[in-house]
1. Tell me yes or no: at least one residue of region 228-237 is surrounded by fewer than 24 Cβ atoms within 10 Å (Cβ to Cβ), outside any helix (DSSP H, G or I), in contact with a strand residue (DSSP E or B) (Cβ under 8 Å, 6 or more places away or on another chain) and hydroxyl-bearing (Ser, Thr, Tyr).
2. Can you give me the number of residues within region 203-230 that are within 16 Å of the ligand (Cβ to nearest atom) and touching a Gly at 6+ places or on another chain (Cβ under 8 Å)?
3. All but one of (1) surrounded by fewer than 24 Cβ atoms within 10 Å (Cβ to Cβ); (2) of a type in the set (A, V, I, L, M, F, W, C); (3) within 12 Å of the ligand (Cβ to nearest atom) hold for residue 191; which doesn't?
4. Is it true that residue 41 is surrounded by 11 or more Cβ atoms within 10 Å (Cβ to Cβ), small (Gly, Ala, Ser), assigned to a helix (DSSP H, G or I) and touching a residue at least 60 places away in the same chain (Cβ under 8 Å)?
5. Name the residue, out of 71, 154, 66, 106, that is touching a strand residue (DSSP E or B) at 6+ places or on another chain (Cβ under 7 Å), assigned to a strand (DSSP E or B) and in contact (Cβ under 8 Å) with a residue 12 or more places away in the chain.
6. Scan region 81-91 for residues that are buried (at least 21 other Cβ atoms within 10 Å of the Cβ) and outside any helix (DSSP H, G or I) and jot them down.
7. Taking the stated definitions as given, is residue 113 more than 15 Å from the ligand (Cβ to nearest atom), assigned to a helix (DSSP H, G or I) and of a type in the set (Lys, Arg)?
8. Determine whether region 357-365 contains at least one residue that is surrounded by 15 or more Cβ atoms within 10 Å (Cβ to Cβ) and either of a type in the set (D, E, K, R) or assigned to a helix (DSSP H, G or I) (or both).
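The values are calculated or read from the model by the stated rules, or taken from the named source; none is laboratory data. From a predicted model like this one, the values you see are computed outputs, not experimental measurements. Note: ideal-geometry Cβ built from the backbone for every residue, glycine included; neighbour counts use all protein chains shown.
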Amino acid sequence: MDLEDNVFMLPGPVKIHPRILRVMSKPSVAHRSPEFTEVIGDIRDLLKYMFDSDNDVALISGSGTAGMDMAISNLFGKDDKVLNITNGKFGERFGELSEMYSNSVALDFPWGKPPNLEDVAAELEKGDFKGVTLCHNETSTGLTNPAPEIGALAKKHDALFVMDGITSIGGLDVKLDEWGVDVALMGSQKCLGAPAGISALSVSERAMEESYDDASYYLNLKKHVTKMREKSQTPWTPAVPLLPALRESLLMLKEEGLLNRIGRIAKLGQATRAAVKALGIDLFPEREYASNTVNAMLYPEGIDDSFRDILKKKHNVIVGGAQAHIKGKVFRIGTMGVCTFTDLMACFGGIESTLKEMGHEFEEGAGTGAIVEYM
Ligand SMILES: Cc1ncc(COP(=O)(O)O)c(C=O)c1O
């Protein structure tokens, strides 16, 4: 089958709308030209709309991890204590980065469970933390972490709050200013449905003041923010062909309206959970914390990861597997960006057929039937 026929339901990268693909076929432009400066200026303003904050923006030609690296390396040095709250792969990545650059204290919670806020508070009481990190939407487990509560605790202890919003910003209800987030991150291939390779940071005044001048040359936070603020440019050559595509994806977000987008994604996420429930499949994370941008499900008895191969080969439906100790036990469905109910129906048509072939017992049509209720 043709790649273009795929029903692409990964938790990122996600489906790219043809409108965005068309923009990428344009000829090259000089990155310091007035035309391109306008593209970057538009991106900055549209990113502020997406972040829903007037804080400064840094635009990086690098995937989400480059943004995480920039945040941690610029804000925290070897003598700075950083509390890393982890309950999944991406929270752990902040921990690994903090170990490399700073004095990391990791507070690990089981995957699929929210952090215990009393434990977080008790750790912070020990004092002297310059920062707290949290992955708001743990893509690895399909769990949305309680960011407002963690933000309040960080504020109480005067610590910088660094939040990975790579699969939440532009897809879930996020209030950076209200939650006191000093640095938040987004990644182009997730909630925007743009090509992979770009990340951006929303940076508070305090984060600018407290970042180090000489922590990194290429990923220098102050240089990026200042150049963006004053000149609508990036310090170095950006990924030129990707940026018009990013702008288009941001324009599509603005045209839909941030709140409308969040509402639509919420319905898709809820419909996914209703569908799997109807098929007798359990969620991996605690239901109350289940994410609307990515749902993670436990394979039912007798079904293994060959499910995803059959789904792909026979039905052209691509869903995500899992990592680390839950690899082979969990599959994930992303409903970000321009994902539609038609995509979700096609996805569950394939899922039902595959489950039937693999011997799972369920009422045929129950999954797709449950989705119709949300359309
Ligand atoms: C929540 C979260 N953080 C960080 C990353 C890493 O981003 P990237 O793979 O773009 O470097 C991902 C990617 O899946 C993610 O979902």
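1. The answer is yes, given that some residue of region 228-237 is surrounded by fewer than 24 Cβ atoms within 10 Å (Cβ to Cβ), outside any helix (DSSP H, G or I), in contact with a strand residue (DSSP E or B) (Cβ under 8 Å, 6 or more places away or on another chain) and hydroxyl-bearing (Ser, Thr, Tyr).
2. Quick first cut of region 203-230, residues within 16 Å of the ligand (Cβ to nearest atom) only: 218-219.
Imposing the further condition that a residue be touching a Gly at 6+ places or on another chain (Cβ under 8 Å) reduces the set to 219.
Qualifying residue count for the region: 1.
3. (1)
4. Numbers: surrounded by 11 or more Cβ atoms within 10 Å (Cβ to Cβ): yes; small (Gly, Ala, Ser): yes; assigned to a helix (DSSP H, G or I): yes; touching a residue at least 60 places away in the same chain (Cβ under 8 Å): yes.
Spelling it out, residue 41 is indeed surrounded by 11 or more Cβ atoms within 10 Å (Cβ to Cβ), small (Gly, Ala, Ser), assigned to a helix (DSSP H, G or I) and touching a residue at least 60 places away in the same chain (Cβ under 8 Å).
5. Values: 71 fails: assigned to a strand (DSSP E or B); 154 fails: assigned to a strand (DSSP E or B); 66 fails: assigned to a strand (DSSP E or B).
Only one candidate qualifies: 106.
6. We begin by selecting, within region 81-91, every residue buried (at least 21 other Cβ atoms within 10 Å of the Cβ); these are 82-88, 90-91.
Result: 82, 83, 84, 85, 86, 87, 88.
7. Values: more than 15 Å from the ligand (Cβ to nearest atom): yes; assigned to a helix (DSSP H, G or I): no; of a type in the set (Lys, Arg): yes.
No.
8. First, pick out the residues of region 357-365 that are surrounded by 15 or more Cβ atoms within 10 Å (Cβ to Cβ): 358, 360, 362.
Right, trim to either of a type in the set (D, E, K, R) or assigned to a helix (DSSP H, G or I) (or both) and you get none.
Looking for residues that are surrounded by 15 or more Cβ atoms within 10 Å (Cβ to Cβ) and either of a type in the set (D, E, K, R) or assigned to a helix (DSSP H, G or I) (or both), one finds none in region 357-365, hence no.
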